[in-house]
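The values are calculated or read from the model by the stated rules, or taken from the named source; none is laboratory data. This is a predicted model, so every value here is computed, not measured. We place every Cβ from the backbone using ideal geometry, glycine too, and count neighbours over all the protein chains shown. The area values use the complete protein model at the heavy-atom level, side chains included, leaving out ligands, DNA and RNA. Shrake-Rupley method; radii C 1.70, N 1.55, O 1.52, S 1.80 Å.
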Amino acid sequence: MRVVFKTSYDRDIDLHEHGLDRGKMLGLVGLMILLPFLVNDYYLAEAANTLIWALAGMGLMIAVGHTGQVSLGHAAFLAIGAYTDAALMNAGVPFLVAFPLAGLLTGLFGAVIAIPAVRMSGIYLAIATLAVFVIVEELILLLEPITGGVSGIAAPSITLFGISFDRYGELHNFYWLILAVVILVTWGYANLMRSPTGRSFLAVRDSEVSARAMGINVTRTRALAFGLSSGVTGLAGALMGHYIGFFNYELFSVFISINLLLVVTIGGLGFIQGAFLGAVLITGMPQVIAILRDGLNASVGVDLGSIPGLDTVLFSVILILFIIFEPTGLYGRWLKIRTWFELFPLARRDMFRRHKTYLKTERMK
Amino acid sequence: MSLLEVEDLAVHFGGVKAVDGVSFAVDQGEVFAIIGPNGAGKSTIFNLISHIYQPTRGRICFDGADITGSKPQDMARLGIARTFQNIELFDHSTVLDNLLMGRHTHRQSNFIQDILFLPSVRREERLHRERVEEVIEFLELEAYRNKRIEGLPYGVRKIVEIGRALAIGPKLILLDEPASGLSVEETQDVAFWIEDMRRDMGLTVLMVEHDMGLVSQVCDRVLAVANGKPLAQGTPHEVQADPHVQAAYLGTPEEVAV
Amino acid sequence: MELIQLAVGGVANGCIYGLVALGFVLIYKTSEGVNFAQGDLMMLGAFVALGLGNSAQMGLSFWLAVPLAVCIMFCVGWGVERVVVRRIFGQPQFALVILTIALGFVFRFVAGSIWGYSPLVLETPFNGVNLRFGELVISMADLLTIVITLALTFGLWTFFAHTRIGLAAQAASQNQMAAYIVGIPVMKVNSLIWGLSGAVATVAGVLYATRGAIDPNIGLLGIKAFAAAVIGGLGSLPGALLGGMLIGVVEPIAGRYAPGGIAIMSPYIIMLAVLVTRPGGLFAQIHMKKV
Ligand SMILES: Nc1ncnc2c1ncn2[C@@H]1O[C@H](COP(=O)(O)OP(=O)(O)OP(=O)(O)O)[C@@H](O)[C@H]1O
Ligand SMILES: [Mg+2]
C-alpha cells in the first residue's frame, strides 16, 4: 500500500498525485503517438475509430456520468457536428475554422435544448432527448440543400498548412490529428473536474436541493454541462464524418445513441477513463466476434454469420450483465482489483459490498 | 438589531396549513431554537427561510433587506447556510470535495478559465483549500478528509453537513435537528461547536431541535410551534414551563380522551 | 367527412399507443421505473399470438390463441422482473432505462430468430370485415380496438383505485421502505405488475396485428407510445390513453394536411411542447422532493 505524504495543497490540486502516475500517463500518450509505427493501417484505422468513440463517450460522460443527465439522443449531436463540419468545409471554410465551429454550434444547440429540458427530472429529460433525436433526423432530411437529404454528403479531405490529413492518403496524419484532439479534450475535461465548475456538476448530480443551498444555479449548471457534452460529441461527430468519408442520416441511428450509452455505462460512469475503456470494448467487440465467427466456421462448421442481429444481441447481453453485476463498469472493477492488490493481504470481501439503497419517491401526494 | 426577521409567515399545501402566522426575530450573534412536536412545521419554516418553498403570506427580512421572493440559490450569497434534517450530502464525492462545494459562491473563475486551468484558477483553488482546511480542523474531520460520503457513519455525515454549511462562510446558519441520531458524546461536541460558532466565528445560529437538554444548554431564546402556529417564545426555561407548550407535547386532557 | 374518417382511424391507432403507454404507466406507478422494452413486449406478444393461432403455425382457434398468448406474456413479464429487474432494485432510475433498452434488443432478436424478419399477417375471424355508417367506414378491427382499449383502461383504473393490491402497489411506489415496514410484499407486487404489463402489451400487440402485418421491428412504436405516456403524465392511466389518442389523431391529420416530415415529428413536437409548459405532463403529480 502506498502512502502519500502531501506537503502542499498543490499536490492535491495537480492532475496526478504521484510522479509515478504522471509518468504512466506520459508513457501511455507516448505509446499512442508512436502507434502508427507499430501497427499496420488496418489496426491504425481501428485505433482512430476507437479514439473517435472515446471522444464521443467523453461527451456523453459529462452529461450522464458527471451531471446525472441521461441522454438517449446523443446521436443527434454527432450528426449535427458531422453535418456542420462537412457542410462548412464544402462551402470552402477551412478545417481549422469549420471543426471548432461545428463543436461550438452543436454545443450551443445542446445548451438551448437543455434550458427547457432541465426543468424536467431525470427520466423526462431522457425522453425529451430521444424526441429531439427523432426531430433532428427528420430535419436532416428536410434540409436537403445543405445535408444532401437521403443521398448524403461527403466530408472533404483535410489539409492544414499545406499538409494533407486525408483519411486514406495520409492515415498516419489523420490519426495524429484525432489523437491531438482527444488529448486536448481529455486534458480540458480533467481540468474541469478539478475546478469549481466540475464540482458544481457533481453537486447537481448528487443533490439538487443541496446544490441550490450552496448557491449553485442548477438550471444554468445543467445547461452548461449539457452544452459542453453536446459540443464534445459534436467534435466527435465531425471527426466521424471524416473517418467515414461519405455519409447520410442513417449513420446516426438511435443505435448509435444506445452504443454511446453502452460506452459510458460499461466503461464506468463518472470516470473519464471509463469513456476510453468503453470505447475500446465497443470497437473491439465486432472484431472479436468476427474472429470467433471465422474460427467456429472453420473448426466446427457452425456458421454464426447466418444469424442476423447477433452483434447487437451480444452487446445487449453484455450490457445487461454489467448493469446487474458490475454497475460501476470496467473502470470501477479495475479500481477494486487495484485496491485489493494494494491492500493484500488485508482486503476483505465485504469491503466492496454495495450499499443497499431504497428508492424513495421524489413525488409528493 | 435583528439579523433575521420573520413576519406573519404562512404556507399552505392544499388544505394543509403547514405554517400559519409565525413571527419571530433572531438577533445578531444569537442562538435561537424552534421546537415543537413532530409535524409542527419546523422544517417547513426552514424551507421557507431558505426559499425552497414560497410563502403563501408573510415577509422574511435578512440583514435589513426584504428577501421574500428570492431564489433558493441566492441564499448562500446573502450569507444564509443550512443543513437538512435527513442529510443531503453529495454522496459520491469525498468529504473534502463536499466542503469545497460549499465555497461555490466565492468562486471568481468562469468555466473557460476552469477548462484551461489558468494559474489564477490554481491560486483561487489554493485559497479555497485553506478555508476548507480550517473547517476540517474546527470539526476534527481530518481522518475523513478523503473518504467518500457513501461509506461514512451517520454521525460523521451530520458533522460533514455542518462543515459544508460553515464552508459557505455564512452570517446565519440554520441547523435542522443537528443532534438527532447522535450519541451523547457527539451531541456534546455539537453543543461546543455551536458555542464556538457564536463566540469565535461571530455566527448567528437558528436551529430546530428535539433534545431539550441541548436546547437549554446552548440557546438564548426558543420559539415553540405546534400545528404550524406559534405557541410561546422566550428563554428555554420559560418556554418549557409554558402550559400551552406542555399541552402541545403531552396532549390536552380532551385530546387524550378522544 | 374525410377528416372524420381520418380521425376514426387515428383514434384506433391512438388506442394502440395508449395501450402500450398503459404498460409504461403501470410500471412507473409501482416502481417509478420506466420499461423501455414495452414496445418490444408488445411485438413479442403479437408474435406469440400469431405463432399459436396462424394456420401455418400451431393453428389454434383465434379465441384460444389470444388468451393463451396473454397468459404466456404475463409469465414473460413476471419472469423478467424476477430474473433481471429485481437484481437492480435500488440502483438509480437510469439503470433500468438502459437495462430495458438492452432487453428490448434481446426480445427483438428472439422474435427474429423464431419468426424471421419479413412481415407476417395474423389471421383473425374478422379480417377485412367493415361496418358502414352512412359514408363512414369503420373496420371491425378498429372498432374492437377502441372498445377493448376503453374497457381495459377502465379495468386497470378500477384495479388501482379500488382493490387492495392496487392500492398496495401505489403505496410501494411512494416509499418502498415504508411500504415494507407496513407489510406490503413490495417484491411480489412488482412482479405482478410486470406480468400485468406484459399481458396488456400482448393485447396491444394483437390489436395492432389485426390492423396490419407485423415484423420484429414494430416494437419501435414503443417510442411513440412513450411520448403518449409522457404527454399524459407518466403516472396517470387515463392520461396515457388520452395522450395516445392525441398522438394517434394528430398524426394522420398532419400527414394529410401538413408538409412532409411534420407527421413523423408530430408526436415528439407535441410531447416537447407539453414537457416545456407542464414538465410533469398533462395529468402531473406534484413533483417535489421533501427535505
Ligand atoms: N411540500 C409539502 N407538501 C405537502 N405537505 C407538506 C409539505 N411539506 C411539509 N408538509 C406538511 O407540513 C407539516 C409540517 O411538516 P414539517 O416537516 O415542517 O414538520 P416538522 O416540524 O419538521 O416535524 P419533524 O419534527 O417530524 O421533523 C406536515 O404535516 C407535512 O406533511
Ligand atoms: Mg422536520
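Residues considered: C:Asn13, C:Asn130, C:Asn190. Largest GNM mean-square fluctuation over chain C, using C-alpha springs under 10 Å, is found at C:Asn130. A convex hull fitted to the Cα coordinates of region A:72-209 yields 132 cubic angstrom per residue.
Taking the inverse of the average 1/r across all pairs of different Cα atoms in chain B, what Kirkwood radius in Å do you get?
Details: mean 1/r = 0.0518 Å⁻¹.
Taking every pair of different Cα atoms in chain B, averaging 1/r and inverting gives 19.3 Å.
Gyration tensor over the Cα atoms of region C:2-277: the corresponding equivalent ellipsoid has semi-axes (square roots of 5 times the eigenvalues, largest first) of 30, 23, 18 Å.
Hey, if we sort C:Leu150, B:Leu175 by accessible area with the 1.4 Å probe, largest down, what's the order?
The most accessible residue leads, giving C:Leu150, B:Leu175.
Of the accessible area of the protein assembly as shown, computed with a 1.4 Å probe over protein heavy atoms only, carbon and sulfur atoms account for 64 percent. Computed with a 1.4 Å probe over protein heavy atoms only, the accessible area of B:Asp200 comes to about 110 Å². Size check on region B:89-169: the Cα extents along the three principal axes, sorted descending, read 38, 23, 19 Å. Using a probe of 1.4 Å, the accessible surface attributed to B:His92 totals some 80 Å² when neighbouring protein chains are kept in position.
Once the 1.4 Å probe is applied to the protein heavy atoms, chain A comes out at 44 Å² accessible per residue.
With a 1.4 Å probe, what is the total accessible area buried between chains C and A, in Å² rounded to the nearest 100? Don't skip to the end; give the middle numbers.
Working: alone 13860 and 20190 Å², together 28970 Å².
Roughly 5100 Å² of accessible surface disappears when C and A pair.
Lys-Lys pairs in chain A that are eight or more residues apart or on separate chains and whose Cα atoms lie under 30 Å of each other come to 6. With 40 Å² as the minimum drop in accessible area between chain alone and full protein complex (1.4 Å probe), the qualifying residues in region B:57-92 are B:Gln73, B:Phe84, B:Glu88, B:Phe90, B:His92.
Considering only the other residues whose Cβ falls under 10 Å of the Cβ of B:Lys158, what net charge follows from Lys and Arg at +1 and Asp and Glu at -1?
Working: positive: B:Arg157; negative: B:Glu161, B:Glu177, B:Glu186.
Charge balance near B:Lys158 sits at -2.
Relative to the longest principal Cα axis of chain B, at what angle does helix B:119-138 sit, 0 to 90 degrees, rounded to 10? Once rounded, one gets 40 degrees. Indicate the helices, whole DSSP H runs only, in chain C that combine a mean Kyte-Doolittle hydropathy of 0.0 or more with a Cα extent along their long axis of 20 angstrom or more. Membrane-span-like by this criterion, though nothing is claimed about a membrane: C:2-31, C:38-53, C:62-83, C:93-115, C:140-162, C:186-210, C:237-257, C:262-277. Working note: 222 nm ellipticity from helices only, DSSP H runs with n ≥ 4, each -39,500 (n - 2.57), summed and divided by the residues of the protein assembly as shown, gives -20000 deg cm²/dmol to the nearest 500. Check each residue of region C:234-277 and keep those whose accessible area, probe 1.4 Å, is at least 50 Å² smaller with all protein chains in place than in the chain alone; give them in order of residue number. For region C:234-277, once contacts with the other chains are taken into account, C:Met265, C:Tyr268, C:Leu272, C:Leu275, C:Val276 lose 50 Å² or more.
Can you give the net charge of the other residues whose Cβ lies under 10 Å from the Cβ of A:Gly68, counting K and R as +1 and D and E as -1? Each step should come with its number before you reach the end.
Working: positive: A:Arg205, A:Arg222; negative: A:Asp206, A:Glu208.
Combined, the nearby Lys, Arg, Asp and Glu give 0.
Helix B:154-167 and the long axis of chain B differ in direction by around 70°, with both axes built from C-alpha atoms. Note on C:Ser118: accessible area approximately 70 square angstrom, rounded to 10, probe 1.4 Å, nucleic acids and ligands left out. On C-alpha positions alone, give me the angle between the axis of helix B:184-199 and the longest principal axis of chain B, in degrees, nearest 10. That works out to roughly 80 degrees. Based on Cα contacts under 8 Å between residues 6+ apart, region B:89-169 shows a relative contact order of 56 percent. Determine the relative contact order of chain A: mean sequence separation of Cα pairs under 8 Å and six or more apart, normalised by residue count, in whole percent. It comes to 27 percent, rounded to a whole number. The mean of 1/r over all distinct Cα pairs in the protein assembly as shown, once inverted, gives the Kirkwood hydrodynamic radius of 30.3 Å. Dividing the radius of gyration of the alpha carbons in region A:35-362 by their Kirkwood radius gives 0.99 for Rg/Rh.
Among C:Gly51, C:Gly261, C:Gly104, the residue with the largest mean-square fluctuation in a Gaussian network model of chain C, with springs joining Cα atoms closer than 10 Å, is C:Gly261. Checking the cross-link pairs B:Lys42/B:Lys229; B:Lys71/B:Lys158; B:Lys42/B:Lys71 against a 18 Å limit on the alpha carbon distance flags B:Lys71/B:Lys158; B:Lys42/B:Lys71 as lying beyond it.
Size descriptors for region B:108-216: radius of gyration and Dmax over Cα atoms are 16.2, 52 Å. The relative contact order of chain B, computed from alpha carbon pairs under 8 Å that lie at least 6 residues apart in sequence, is 27 percent. Note on region C:158-269: semi-axes of the ellipsoid equivalent to its C-alpha gyration tensor, largest first and rounded to whole Å, are 34, 16, 11.
For the pair region B:218-250 / region C:1-31, the C-alpha centres are spaced 57 Å from each other.
The protection proxy used here, the mean number of other Cβ atoms lying within 10 Å of each residue, ranks peptides A:99-106, C:26-33 as follows, highest first: C:26-33, A:99-106.
Long hydrophobic helices in chain A: the complete DSSP H runs spanning 18 Å or more by Cα along their own axis with mean Kyte-Doolittle hydropathy of at least -0.5 are A:19-38, A:41-67, A:74-90, A:95-117, A:122-142, A:171-193, A:218-244, A:254-267, A:272-299, A:310-325, A:329-343. Structure remark: mean-square fluctuation, Gaussian network model of chain B, C-alpha springs under 10 Å; the largest value among B:Leu214, B:Leu127, B:Leu48 belongs to B:Leu127.
Using a Förster radius of 60 Å, what is the FRET efficiency between B:Glu150 and C:Leu131 based on their Cβ-Cβ separation? Nearest 0.05, please.
Values: r = 62 Å, r/R0 = 1.04.
E(calc), rounded to 0.05, equals 0.45.
Mind ranking C:Phe226, B:Phe192 by accessible surface for me, highest first, 1.4 Å probe? Walk me through the numbers before you get to the answer.
Values: C:Phe226 5, B:Phe192 115 Å².
These residues rank, largest area first, as B:Phe192, C:Phe226.
Spin-label pair B:Thr56-B:Asn227: with each label point 7 Å from Cα along the Cα-Cβ axis, the two points sit 1.4 nm from one another.
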